[in-house]
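Below is one structure; the comments refer to it alone.
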Amino acid sequence: MNAPILGPTRPFRSLKAAFAVTALIAVSGCQTLSQMMPDLDGPKPPTPKRLQLQAVDHAHAVKFRTHRADLLATEADNLVRFLRVRSRAARYTIYVVPDSAPTPELAEARAETVAGYLEGHGFHTRILAPLPEQTGEVRVVVRSYTVTLPGCPDWTSEPGNTGDNVVHSNWGCANATNLGQMVADPADLAHGRQPGPADAELLSKRIQDYRKGETKPLDPEDIGTIEAQQKSGGDSQ
């Protein structure tokens with residue numbers, strides 16, 4: 001008895017349909033419900049956990065006598081005390097902001113007097129444009145940064161509920177919190193640092209030694225106990 005002609009084609013069609021359904025599920029699995037159906041009133045994806053960086057300015061007024069640009073001894077002492085307290089941050093910027101003064105020349109002279117005094121005490125300053133008002137003083141502003149940790153932990157969503165294909169509300173908390181607690185200088189989160197000077201002659205010699213195979217091996221006594229054990233293959237006993 002001959003087999004039906006249409007018999008072998010039925011499993012093949014079923015297999016194609018199964019592949020199509022699987023592909024549709026795989027594609028839709030990369031999207032959330034809100035992405036697949038924008039009109040659906042469902043849970044919204046949680047916002048990423050991020051650190052909040054804020055610039056903090058502390059100002060101090062240096063007063064001058066009328067039509068004078070010389071720095072009084074009492075004002076100089078007050079300025080130094082102010083800076084010793086406010087410049088404890090790892091990185092900070094000092095701005096010198098004069099008022100308009102009766103003449104532009106006097107405003108510039110006052111700013112240069114304050115900036116020169118600070119430079120003499122090891123404080124690098126930046127002079128800004130004068131303010132429009134006349135107060136008979138120069139403002140010294142110390143700017144530093146503070147970092148605020150995100151609201152963690154965040155257990156507002158159920159840990160086992162992933163049916164909507166969104167990350168858990170607590171996702172990213174550990175990374176953001178650890179970074180905020182470990183960073184020594186919050187200003188590094190705002191922008192990088194300018195690289196300092198390098199000894200080009202020494203660096204080029206190190207590269208030449210490496211290429212020649214003349215590098216000096218590490219002495220186990222010069223590194224930590226754990227590293228020494230790893231280097232020698234020994235144990236802690």
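General observations
- Test result for Arg126, surrounded by 15 or more Cβ atoms within 10 Å (Cβ to Cβ), of a type in the set (Lys, Arg) and at pLDDT 90 or above: no
- Helices (runs of 4 or more DSSP H) (entirely within the range 1-114) containing at least 1 residues that are at pLDDT 85 or above, assigned by TED's automatic domain parsing to the domain that holds Ala129 and farther than 30 Å from Thr148 by Cβ: 73-86
- Among the conditions (1) under 30 Å from Val96 (Cβ atoms); (2) surrounded by 16 or more Cβ atoms within 10 Å (Cβ to Cβ); (3) modelled with pLDDT of 90 or more, the only one that Thr177 does not satisfy is (1).
- Scan of the range 115-163 for residues that are of a type in the set (Asp, Glu) and either part of a loop (DSSP other than H, G, I, E, B) or more than 32 Å from the chain's Cα centre (by Cα) (or both), ordered by number: Glu133, Glu137, Asp154, Glu158
- Residue list for the range 51-79, restricted to those being within 30 Å of Leu189 (Cβ to Cβ) and surrounded by 13 or more Cβ atoms within 10 Å (Cβ to Cβ): Leu51, Leu53, Val56, His58, Ala59, His60, Leu79
- Qualifying residue in the range 224-233 (condition: surrounded by 10 or more Cβ atoms within 10 Å (Cβ to Cβ), modelled with pLDDT of 75 or more and assigned to a helix (DSSP H, G or I)): no
- For the range 143-163, the tally of residues that are in contact with a Ser or Thr (Cβ under 6 Å, 6 or more places away or on another chain) and surrounded by 12 or more Cβ atoms within 10 Å (Cβ to Cβ) stands at 5.
- Remark: pairs (first residue in the range 173-198, closer than 27 Å to Ser157 by Cβ and in the same structural domain as Ala55 (by TED's automatic domain parsing); second residue at pLDDT 85 or above and acidic (Asp, Glu); Cβ separation under 9 Å; 6+ apart in sequence or on different chains) = Cys173/Asp154.
The values are calculated or read from the model by the stated rules, or taken from the named source; none is laboratory data. What you see is a predicted model, and the numbers here were worked out from it, not measured in a lab. Note that we place each Cβ from the backbone using ideal geometry, even for glycine, and neighbour counts take in every protein chain shown.
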